[in-house]
Amino acid sequence: MSIGLGETLLAANTDMRRIHRRVVQVGAAASWTAAAIFLVAGFLGVNDGLFVEAVGPIIAAGFMTLLIVLRRENGGMALFASAIVTMVMYTVVGSEDTLLPAALALVVICAIGMLLIERHRIITVTAVALFLAVAPLFWTLSLATSVQLGVVMALAFVMTSAIFFIIRNAATALNVRFQTLFENSPTAVMEEDWTKALAYVRSEYTGRPDRIRAFLMAYPAVVQRAVSQARIVRVNQAAIELLEADGPEDLLGHRDGNKVTDETLHGFVGALVALYEGRSSFEEDIPALTMKGRSIWLQTRCVNTSPGSTAASILIGLADITHIKARQEAMADLVKAKDEFIAGVSHELRTPLTAVIGLTSEMSSMNSLSDEERSELMSLVADQAVEMSNIVDDLLVAARAEMGRVAVEATVVDLQSELEAAIEGLSIEIGELPVSTPSVIADPSRVRQVLRNLLTNAERYGGSNRRVVSGSFFDYVWLEIRDDGPGVTSDEAVHIFEPYGTAHSGVRGSVGLGLSVARQLTELMGGSLTYRRDLDETVFRLELPMSPEREQVVASNNAGD
């Protein structure tokens, strides 16, 4: 009963039904217990008077049980009925030895009953006070004693009720502010009861406290059954919106143990371990599904506001951290990509560097080389040095692009000549070339770098049949490098121009900056670089501004715009 009283003082209106139910249930259990004690004592002691005294608890217990069966639990009605039964039973079997306990019991029962009265309190107080004032007149007492006792009981009841009212009103005002904060908080908040869940865990695990986490992780079925006994008591509007529910009824009630999966197990285990260890606050990050089936990440910050070591009231603040988790995953992917990038750079630089070291060492150690052989070796060294220079150029562009310091110089560029020079420099076989290509306004060195990267990409990852076509469209010149390779999937195509793109496409053995650098340089020169699949061909299309200095002629052998 003391627990019911404490909850009554601090309860909000929405909790009163639950409190009335608990008061009636506790009162019925106590009355049936008292009746059983009287009956057993009567049988054992062969005392018929105890059977008579058992009638009062039986009547009170029967009345409260009827309220429970009818689902009309009312704590105030049950207590006042108990007071009437107490008064009648004292009239029947009372004595001078039980006079003061009976009077005190009537006052206390009626005063507690007033805590559960919500309407017409003044009328009820007056009626109950009159009842207490006249109750002693029915007892076997002198008139003077009955009047004195009745007045004392009535005054004690009024004073006790007034004190209770003051305490309740102050506590209710404080609780109303709390409820307002709870309901109107912009932060999603839930209140949950984990009492049965914690009791179940304690019944299943009796080992060392420091091994509880390992036990729960090893037996997910225990966690599922424990979670299914946890109950969501209340939620605020922010929580309803965050979890995309139609209303609080979608969320209230027992949790679904099937929500404990391999992904969520760690979070639920962390919560159970914290409650098992008696921590007053804890937090966990767990994946979750909204009521509409959308996957999100929730950061849960929990505070145990329950008295003692129970877990009857766990306040849980919820925050959607899906974007943070996505950023963390993206950062992890970036770190992985850069690790692969460093490995790729090391590989690509080591190959020509090894060749340069080997060739120059051979030239320095062999004096018998002819001029022709020495010239051939020098040519090979130069080729490897150029390859290293190209890699370094890409690295410099990538680094400067991140700082916004890539510079381009606009001038008239003969795109046809740059294309032919790039093909010759890379010694790439191209099955088809345009007859002529209009000049463009661009940076010559940057154009060479773009073409080199596109042609190198086609040679490394494209098909064996490669061709280049070109033409113009309004004031832009376009040039397409085509090959019959398999290309990349649609998912990989989205990332193909990102830095360290080989990490996305699964291609190994390259730096992964070529296409990214090519697009960055093209856009700095006012053009564009795109990728697409055209039937069975992979197409990289380069567009640059046309030079206005002379009339341009559209030239393309086999491809139209």
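The values are calculated or read from the model by the stated rules, or taken from the named source; none is laboratory data. None of the values given here were measured: they were computed from a predicted structure. In this analysis, Cβ positions are derived from the backbone assuming ideal geometry, glycine residues included, and neighbour counts consider all displayed protein chains.
A compact table of results
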read-out: Hits in the range 198-214 (condition: under 25 Å from the mean Cα position of the chain (by Cα) and surrounded by 18 or more Cβ atoms within 10 Å (Cβ to Cβ)); value: LEU198, VAL201, ILE212
read-out: Total residues in the range 60-82, condition without any contact (Cβ under 8 Å) to a residue 40 or more places away in the chain and out of contact with any Ser or Thr (no Cβ under 9 Å at 6 or more places or on another chain); value: 7
read-out: Filter result (touching a helix residue (DSSP H, G or I) at 6+ places or on another chain (Cβ under 7 Å), part of a helix (DSSP H, G or I) and free of Cβ contacts under 8 Å to residues at least 60 places away in the same chain) within the range 192-236; value: TYR200, GLU204, LEU216, MET217, PRO220, VAL222, VAL223, GLN224, ARG225, ALA226, VAL227, SER228
read-out: Count of residues meeting criterion [farther than 20 Å from PRO545 by Cβ, among the charged types (D, E, K, R) and surrounded by fewer than 22 Cβ atoms within 10 Å (Cβ to Cβ)] in the range 448-482; value: 3
read-out: Of the criteria (1) assigned to a loop (DSSP other than H, G, I, E, B); (2) surrounded by fewer than 19 Cβ atoms within 10 Å (Cβ to Cβ), which one ALA311 fails; value: (2)
read-out: So ALA226, is it among the small types (Gly, Ala, Ser), loosely packed, with under 14 Cβ neighbours inside 10 Å and modelled with pLDDT of 90 or more; value: no
read-out: Residue among LEU395, LEU369, LEU377 that is modelled with pLDDT of 75 or more and of a type in the set (A, V, I, L, M, F, W, C); value: LEU377
read-out: Subset tally (residues that are among the charged types (D, E, K, R) and assigned to a loop (DSSP other than H, G, I, E, B)) for the range 514-546; value: 1
read-out: Options THR261, THR360: the member that is outside any helix (DSSP H, G or I), surrounded by fewer than 18 Cβ atoms within 10 Å (Cβ to Cβ) and among the hydroxyl-bearing types (Ser, Thr, Tyr); value: THR261
read-out: Output for the range 111-121, where each listed residue is surrounded by fewer than 17 Cβ atoms within 10 Å (Cβ to Cβ) and within 18 Å of ALA156 (Cβ to Cβ); value: ARG121
read-out: Residue in the range 54-67 that is in contact with a Leu (Cβ under 9 Å, 6 or more places away or on another chain) and surrounded by 16 or more Cβ atoms within 10 Å (Cβ to Cβ) present; value: yes
read-out: Test for GLU537: is it over 17 Å from ALA442 (Cβ atoms), modelled with pLDDT of 90 or more, touching a Gly at 6+ places or on another chain (Cβ under 9 Å) and not basic (Lys, Arg); value: yes
read-out: Verdict on THR33 being modelled with pLDDT under 80, of a type in the set (S, T, N, Q) and under 49 Å from the mean Cα position of the chain (by Cα); value: no
read-out: Scope the range 84-110; condition small (Gly, Ala, Ser) and surrounded by fewer than 22 Cβ atoms within 10 Å (Cβ to Cβ); matching residues; value: GLY94, SER95, ALA102, ALA105
read-out: Candidates LEU149, LEU155, LEU141 - the one that is of a type outside the set (Val, Ile, Thr), in a loop (DSSP other than H, G, I, E, B) and in the same structural domain as THR86 (by TED's automatic domain parsing); value: LEU141
read-out: Condition check for LEU100: more than 60 Å from the chain's Cα centre (by Cα) and within 18 Å of GLU53 (Cβ to Cβ); value: yes
